[in-house]
1. Go through region 107-128 and count every residue that is of a type outside the set (A, V, I, L, M), under 23 Å from F60 (Cβ atoms) and in contact (Cβ under 8 Å) with a residue 60 or more places away in the chain.
2. For R118, state whether it is over 30 Å from H180 (Cβ atoms) and modelled with pLDDT of 95 or more.
3. Kindly state which helices (runs of 4 or more DSSP H) lie completely within region 1-114 and contain at least 2 residues that are open to solvent by less than 20 Å² (accessible area, probe 1.4 Å).
4. Which one is farthest from T198 (Cα to Cα), of the residues in region 29-66 that are within 16 Å of the ligand (Cβ to nearest atom) and among the small types (G, A, S)?
5. Only one of these is surrounded by 14 or more Cβ atoms within 10 Å (Cβ to Cβ) and at pLDDT below 95: R167, R211. Name it.
6. Among the residues that make up region 214-230, is at least one of them surrounded by fewer than 18 Cβ atoms within 10 Å (Cβ to Cβ), among the small types (G, A, S) and more than 15 Å from the ligand (Cβ to nearest atom)?
7. Please specify each residue of region 147-160 satisfying the condition of being without any contact (Cβ under 8 Å) to a residue 60 or more places away in the chain and either on the phi > 0 side of the Ramachandran plot or out of contact with any helix residue (DSSP H, G or I) (no Cβ under 8 Å at 6 or more places or on another chain) (or both).
8. Keeping to region 67-89, report how many residues are within 13 Å of I195 (Cβ to Cβ) and among the polar types (S, T, N, Q).
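The values are calculated or read from the model by the stated rules, or taken from the named source; none is laboratory data. Just so it is clear, the model here is predicted, and its values are computed rather than measured. Every residue, glycine as well, gets a Cβ built from its backbone with ideal geometry; the counts of neighbours run over all protein chains shown. Side chains are part of the model used for accessible areas, which takes the heavy atoms of the whole protein and leaves out ligands, DNA and RNA. Shrake-Rupley method; radii C 1.70, N 1.55, O 1.52, S 1.80 Å.
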Amino acid sequence: MTIEEIRAAAAELETASAEDILRWAADRFAPRLTFATSLGIEDCIVTDLIARAGLPIQLFTLDTGLLFPESYALWKQIEDRYRISITAVTPQFTVAEQGEREGEALWEREPDRCCDLRKLEPLRRTLAGYDAWITAIRRDQTPERANAPVVGWDSRFGLVKINPLARWTSPEVRAYVSEHHVPYNPLHDSNYPSIGCTPCTSPVMPGEDPRSGRWRGKEKTECGLHLRIPVRSEN
Ligand code: SF4
């Protein structure tokens, strides 16, 4: 797609339902289309929408080797419920190998490098095989995501990025999950609104920012997957 075509699609789909956005994406890009699920509650909704509609969209998740046991259990639960496969995309090195090469607990000393090795490099390697990817980010999650378009050009990874839940709010997420009995991580109900790797995720107390439990005590707020989101009207 040209930038003009992407802009036109973003404008046309801005008020479309998430299901219609996913149908458009599948029509336009499958089989060179993938959904990167992080197994968060929003990701569970996108998975539910894809499965209900029977869309030919491949799913993968970044398995850093450091996910919560509840996340691994949810992964299996989703595959069983929807009879789908979520491909594990893994880093070049295991956690133990990374410890030998970089020193133990790299996430405590250099979390950006740790995310580079365990998330960004595997993601870059995977997305190289596609023309478009889907994420479950919402605009109200972080300032970096506030301008996320429904369809945009992802200059960081060099392909089209589709965010079908961009306009959704947290209450809408909870309502959908409840109405459709979507399986989700039980940690979300135990003060973990945002769930990543175990060393970098802590519970969030009432009144705190929902993402304050990620990399607590550090300036880091994103793993780097969604840092450079094109502005709606520009891309
Ligand atoms: S979230 Fe933490 S443990 Fe996971 S890859 Fe990033 S720095 Fe490493």
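1. 9
2. yes
3. 3-13, 18-29, 41-53, 69-82, 95-102
4. A36
5. R211
6. There is no residue in region 214-230 that is surrounded by fewer than 18 Cβ atoms within 10 Å (Cβ to Cβ), among the small types (G, A, S) and more than 15 Å from the ligand (Cβ to nearest atom).
7. G158
8. Total satisfying the criteria: 1.
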